[in-house]
Amino acid sequence: MTRVLTFGTFDLFHIGHVNVLLRAAALGDHLTVGVSSDALNFSKKGRYPVYREEHRMAIVHSLACVDEVFVEESLELKGDYIKEHRADVLVMGDDWAGRFDHYKELCDVVYLPRTAEVSTTDIIQAIREDLG
Ligand code: C2G
């Protein structure tokens, strides 16, 4: 059984998120998703996600291709998460290409191409412009 692990915020869940999760799931038999905490997002981006972490986790967990979810508390803990979840493959979008190559000691590391022309930031911007 091949266990796949991926991470993300998955705020304002959109088609790019669906695509990366379906492709991650297709690389193995079991998909675990680390959903980044509200606090981690605040420390990285200086703002909280629109949807709070319990809701983002519930949305991701509701997908048929996702077997397990947990809260990603820190970007630096990926090695621990890989071991804890016994991951054979770490999957990340190619916006992170090269950044996690050092985990190749622990498991395979695969970067998948992002879906073009959709992002949470653009959705927020479009809503602001429509309503502003
Ligand atoms: N994604 C994608 N195509 C898009 C947008 C996002 O393939 N158009 C992918 C990203 O590459 C990532 C996943 O969807 O693999 C989640 O994206 P984000 O929610 O933006 O996650 P991010 O904030 O980059 O994750 O340890 C990583 C952190 O959890 C941060």
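Assorted remarks:
- Only alpha carbons enter this Debye calculation for the chain, each as an equal point scatterer, and the log10 of I(q)/I(0) it gives at q = 0.12 Å⁻¹ is -0.45.
- Relative to the current alpha-carbon distance between A26 and M1, full extension at 0.36 nm per residue lengthens the span by 7.8 nm.
- About its Cα centre, the chain has a charge dipole of approximately 100 debye under the convention of +1 per Lys or Arg Cβ and -1 per Asp or Glu Cβ, with nothing else charged.
- Using the Cβ of S74 as centre and a radius below 15 Å, the other residues enclosed give a net charge of -2, where K and R count +1 and D and E count -1.
- The chain, accessible surface, carbon-and-sulfur percent (1.4 angstrom probe): 52
- You can think of it this way: the chain between A64 and E76 has 1.5 nm of extra reach, that is 0.36 nm per residue less the Cα-Cα gap.
- Counting only protein heavy atoms and a 1.4 Å probe, the chain has 55 square angstrom of accessible area per residue.
The values are calculated or read from the model by the stated rules, or taken from the named source; none is laboratory data. Everything numeric in this text was worked out from a predicted model, so none of it was measured. All Cβ positions, even for glycine, are placed from backbone atoms using ideal geometry, and neighbour counts span all protein chains on display. All accessible areas refer to the heavy atoms of the entire protein, side chains included, with ligands and DNA or RNA removed. Shrake-Rupley method; radii C 1.70, N 1.55, O 1.52, S 1.80 Å.
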